[in-house]
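The values are calculated or read from the model by the stated rules, or taken from the named source; none is laboratory data. No experiment lies behind these values; they were computed from the predicted model shown. Because the Cβ atoms are built from the backbone with ideal geometry, glycine has one as well, and the counts that use them run over all protein chains shown.
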Amino acid sequence: MTATITPELPAVELPELSAETLISDIERYLAARVRTTAHPLVTKTTAELIAEALGTTAAPAAAPAPALAEPSRLLRVLPDWVLSVPVLRQLHGGRGRRVTTAEHLELTALVIERYGWTQGQHRSRSGRRCILGAQAVLYRLGYGDERSVSDAAVQLQAVLSARGIREPYHEWNDADGRTQDQVLALLRSAAQEARR
């Protein structure tokens, strides 16, 4: 049996994106995921299925989520501990929110898409994040806990191992020639495996 060592989460700063905007983006993403928790062939929401079963009409569908707001610069220079301040966590309900391993991996990809991707550091001056830096943002904001991060690390390592890659995923992230598309593909593959 091989032991997996989960790297310590890095200290990060929130770049050109307000915590409120990021939390709003994450909450919209998680709310949209509720629709896909049924069998993959089911394309109706729970409310639509109930209305159909009762022979009534479902509540009108919610308007599509607005486009993501342009990031602000307000929190760019603040240290990562600010992300753990209760007032920021209260924006999404207080003490944090449980997320599945798959959701953690998908949200990690969302953060990288939103901030950009970097190598050799957890956060660049322009706010780009590596995999660990993106995971740290989620953790500091209360989306998941240490177990979420640890389980995601195990899943990332399992996908890399299945590809014959033995280096830790954070070193894989920093390898010469690595691209953001490859990183996002790894995160999404690991999320897909975690859902199985």
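Answer yes or no: is there a residue in segment 109-123 that is out of contact with any Lys or Arg (no Cβ under 7 Å at 6 or more places or on another chain) and either among the β-branched types (Val, Ile, Thr) or at pLDDT below 85 (or both). No.
Only one entry of Arg114, Arg129 meets the criterion of being in contact with a strand residue (DSSP E or B) (Cβ under 7 Å, 6 or more places away or on another chain), touching a residue at least 40 places away in the same chain (Cβ under 8 Å) and closer than 18 Å to Asp25 by Cα, and that entry is Arg129. Evaluate the following for Ala152: is it touching a His at 6+ places or on another chain (Cβ under 7 Å) and aliphatic (A, V, I, L, M)? Judged against the criteria, Ala152 is a match.
Evaluate the following for Glu103: is it surrounded by fewer than 17 Cβ atoms within 10 Å (Cβ to Cβ), closer than 18 Å to Leu186 by Cα and modelled with pLDDT of 85 or more? Judged against the criteria, Glu103 is not a match. When segment 141-159 is filtered for residues that are crowded, with 19+ Cβ neighbours inside 10 Å and either at pLDDT below 95 or among the aliphatic types (A, V, I, L, M) (or both), the ones remaining, listed by number, are Leu141, Gly142, Tyr143, Gly144, Ser148, Val149, Ala152, Ala153, Leu156, Val159. Scoring Asp181 on the criteria (1) of a type in the set (D, E, K, R); (2) over 19 Å from Ile23 (Cβ atoms); (3) surrounded by 22 or more Cβ atoms within 10 Å (Cβ to Cβ) leaves a single failure, condition (3). Report whether or not Leu187 is buried (at least 20 other Cβ atoms within 10 Å of the Cβ), more than 18 Å from Thr21 (Cα to Cα), modelled with pLDDT of 95 or more and touching a Ser or Thr at 6+ places or on another chain (Cβ under 8 Å). So Leu187 fits the description; yes.
Looking only at segment 138-145, decide whether some residue is at positive phi and more than 13 Å from the chain's Cα centre (by Cα). No - not one qualifying residue is present in segment 138-145.
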